[in-house]
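A.B. asks: Attaching a single structure in C-alpha cells format; questions to follow.
The values are calculated or read from the model by the stated rules, or taken from the named source; none is laboratory data. Computed from a prediction, not measured in an experiment: that's the story for all the values here. Note that we place each Cβ from the backbone using ideal geometry, even for glycine, and neighbour counts take in every protein chain shown.
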Amino acid sequence: MAARCVRLARHSLPALALSTKQKNIGRNLEEDVGQNEQKTDTPSTEKTLMDEKVKLEEQLKETAKLYGIQGFCKDLLEVADILEKATQSDLYEGLVMTEVQIQKVFTKHGLLWLNPVGARFDPYKHEALFHTPVEGKEPGTVALVSKVGCKLHGRTLRPALVGVVKEA
C-alpha cells in the first residue's frame, strides 16, 4: 500500500504542479490585464485633472480681476463721504478735505505724482507739448508743466505734459 501511495503521488504531483503553474499564469494574466486597464485610465484621469486645474485657475483669475481693486474702492468711499459733506456745507473747505483724503488714498496704493518743473526731460516720464527758449534755464529741462503725471509702483501711468526749454 505504501508503494501504491508513492506511485500515486509521483503520478499526481506533476499534474498538481502543472495545475498550480497554470493557475499562477492565469492570475498573472488577470493582473496584467488589470494593469493595462489602469494604464489606459491614467491618461484620461490626468487629462481630467489638468482640465479641472485649468478651470480653477481661470476662475481664480476672474475673481482677482473682479475683486482686485476692492481695497482701493473701499478707501475711495471715504473720499465720497467727504465730498457729500462738502456739498452740504462750505464748498471750499469740503474740496480741500477731499483733496487731502484722495491724496492719502493714492499714496497708500502706490500712486505718486510727477511734477517735473526744472527736471531734465525724460521721454519715459514726460510728454513734450512744445519747445520754447527760456533765458537762464538749461536746454532740455522742463520749463512748464501743463498736466502733472502719475506713477504707479514705479511705472509711469500717465506722463506729465510739459514744455521743454530749447536753445535760444
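A.B. asks: With the structure loaded, tell me whether Val164 is touching a strand residue (DSSP E or B) at 6+ places or on another chain (Cβ under 9 Å), among the β-branched types (Val, Ile, Thr) and either surrounded by 14 or more Cβ atoms within 10 Å (Cβ to Cβ) or assigned to a helix (DSSP H, G or I) (or both) or whether it fails that test.
C.D. replies: So Val164 passes the test.
A.B. asks: Identify, from the list Glu46, Glu37, Glu99, Glu58, the residue that is at pLDDT below 85 and acidic (Asp, Glu).
C.D. replies: Glu37
A.B. asks: Mind checking which pairs have a first residue in the stretch 86-113 that is under 24 Å from Leu152 (Cβ atoms) and a second that is aromatic (Phe, Trp, Tyr), Cβ under 6 Å, 6 or more apart or different chains?
C.D. replies: Pairs that qualify, where the first residue is under 24 Å from Leu152 (Cβ atoms) and the partner is aromatic (Phe, Trp, Tyr), are His109/Phe72.
A.B. asks: Of the conditions (1) hydrophobic (A, V, I, L, M, F, W, C); (2) in the same structural domain as Ile69 (by TED's automatic domain parsing); (3) surrounded by 12 or more Cβ atoms within 10 Å (Cβ to Cβ), Leu91 fails just one. Which one is it?
C.D. replies: Answer for Leu91: the failing condition is (3).
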